[in-house]
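First comes the structure, then the notes that go with it.
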Amino acid sequence: MKQGTTILTLDNGYHLWTNTQGTGDIHLLCLHGGPGGNHEYWEDTAEQLKKQGLNVQVHMYDQLGSLYSDQPDYSDPKIADKYLTYEYFLDEVEGVRQKLGIDNFYLIGQSWGGLLVQEYAVKYGDHLKGAIISSMVDDIDEYVAAVNRRRQEVLPQTEIDFMHECEAKNDYANQRYQDDVQILNINFVDRKQPSKLYHLGNLGGTAVYNAFQGDNEFVITGKLKDWHFRSELPKIKVPTLLTFGEVETMPLETAKTMQKLIPNSRLVTTPDGGHHHMVDNPDVYYKHLADFIREVEAGTFQGE
């Protein structure tokens, strides 16, 4: 398979940026978060897995509306209604799989990407060897409760009250508010500073993020507020790894519940890892991932 960058043309006519790194017969397709995030934290995945003694072809892409892929005019209601849906992004994963020509593969997704992994494993699980859900819950209400607790851990009550005032007024542009968000980001999202994931300018993805999430990681004002998937988890039949940071936005108690409901699954955590724990503590993160893939390949994987 071609290494490096390939531009895929989807059946809907839009173009997606994809990139393949690494060699070998094992294929791993990586889904980024956001939605509206991008592929960047997967860029060294093949290299990190090779450090763990595993050769893997790692495929990553920017989802529609993100970074190097096409960015539709979501201000057009017809385009927004068609493409800003769970169903579109789920079927996009399957479209990318087909265009890349891979099958019997591993699928990893972080945050929003982990949501898509859950959905894909239920709808298209026949194509999977294994699923990796990284930092994503199955019920958004438990996430909201968790991020509100996180605020209490690092911000004085005056700032928490101020944030709630801004959110009530939809005043997300307020600089003091954004400064508070950045404190939360440094503590629970990007703990390794300076973060590798910030651009000099906004290169897209905001429209998708705003539609599903809202202004930032600590509020849910978009479509994700309706995310409830717990009843579907027992339908995931492939070996599944749940990986969460120990100091992140997603609640570990929810991860433990998910592990009990997904039939053949294991939960691992990354010390000192925030929401982007593959960047915060890559040695531990990728050891967990390599061990999982090795065990599935050998037919020895057993859930907890």
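The values are calculated or read from the model by the stated rules, or taken from the named source; none is laboratory data. Note that the structure is predicted; figures quoted are calculated from it, not measured. Don't worry about glycine lacking a Cβ; one is built from the backbone with ideal geometry, like all the others, and counts go over all protein chains shown. Accessible surface areas use protein heavy atoms only, side chains included; no ligands, DNA or RNA. Shrake-Rupley method; radii C 1.70, N 1.55, O 1.52, S 1.80 Å.
Computed over the chain with a Gaussian network model linking Cα atoms closer than 10 Å, the most mobile of 224, 29, 203 is 203. One Cα centroid belongs to the range 157-176, the other to the range 244-304; the line between them spans 34 Å.
Here is the list for the range 196-273: trypsin sites (Lys or Arg not before Pro) lying in DSSP coil, each with at most 14 other C-beta atoms within 10 angstrom of its C-beta, are 196. Note that the range 154-304 presents 46 Å² accessible area per residue, ligands and nucleic acids not counted, probe 1.4 Å.
Normalised by 2.2 N^0.38 Å, where N is the number of residues, the alpha-carbon radius of gyration of the range 28-154 equals 1.14.
The fraction of accessible area contributed by carbon and sulfur in the chain is 49 percent, rounded to a whole number (1.4 Å probe; ligands and nucleic acids excluded). Around the Cα centre of the chain, unit charges on the Cβ atoms of Lys, Arg, Asp and Glu (plus for the first two, minus for the last two) sum to a dipole of about 660 debye. In this calculation the C-beta distance from residue 82 to residue 182 is compared with R0 = 35 Å, giving a FRET efficiency of 0.55. Within the range 4-94, antiparallel bridges make up roughly 70 percent of the DSSP beta bridges whose residues both belong there. Among 183, 236, 293, the residue with the largest mean-square fluctuation in a Gaussian network model of the chain, with springs joining Cα atoms closer than 10 Å, is 183. The modelled label-to-label distance between residue 203 and residue 174, using points 7 Å beyond Cα along the C-beta direction, is 3.2 nm.
Dividing the radius of gyration of the alpha carbons in the chain by their Kirkwood radius gives 0.95 for Rg/Rh. If you run the Gaussian network model on the chain, springs between alpha carbon atoms under 10 Å, then out of 146, 255, 80 the most flexible one is 80.
Within the chain, antiparallel bridges make up roughly 30 percent of the DSSP beta bridges whose residues both belong there.
Using the Cβ-Cβ distance between residue 272 and residue 94 with R0 = 25 Å, the FRET efficiency computed as 1/(1 + (r/R0)^6) comes to roughly 0.10.
Between residue 160 and residue 300, the simple spin-label model (points 7 angstrom out along Cα→Cβ) gives 4.7 nm. All C-alpha to C-alpha distances of the range 161-304, sorted into 10 Å bins beginning at zero, yield P(r) values of 10, 30, 35, 19, 5, 1 percent in whole numbers. Each DSSP beta bridge with both residues in the range 11-163 is either parallel or antiparallel, and the antiparallel ones are about 20%. Shown here are the Rg and Dmax of the Cα trace of the range 129-176, at 15.0, 49 Å. Peptide packing: for 166-173, 121-128, the average count of neighbouring Cβ atoms within 10 Å per residue gives the ranking 121-128, 166-173, highest mean first. By the rule of a C-alpha distance below 17 Å, with chain neighbours fewer than 8 residues away ignored, the lysines paired with residue 260 are 235, 237.
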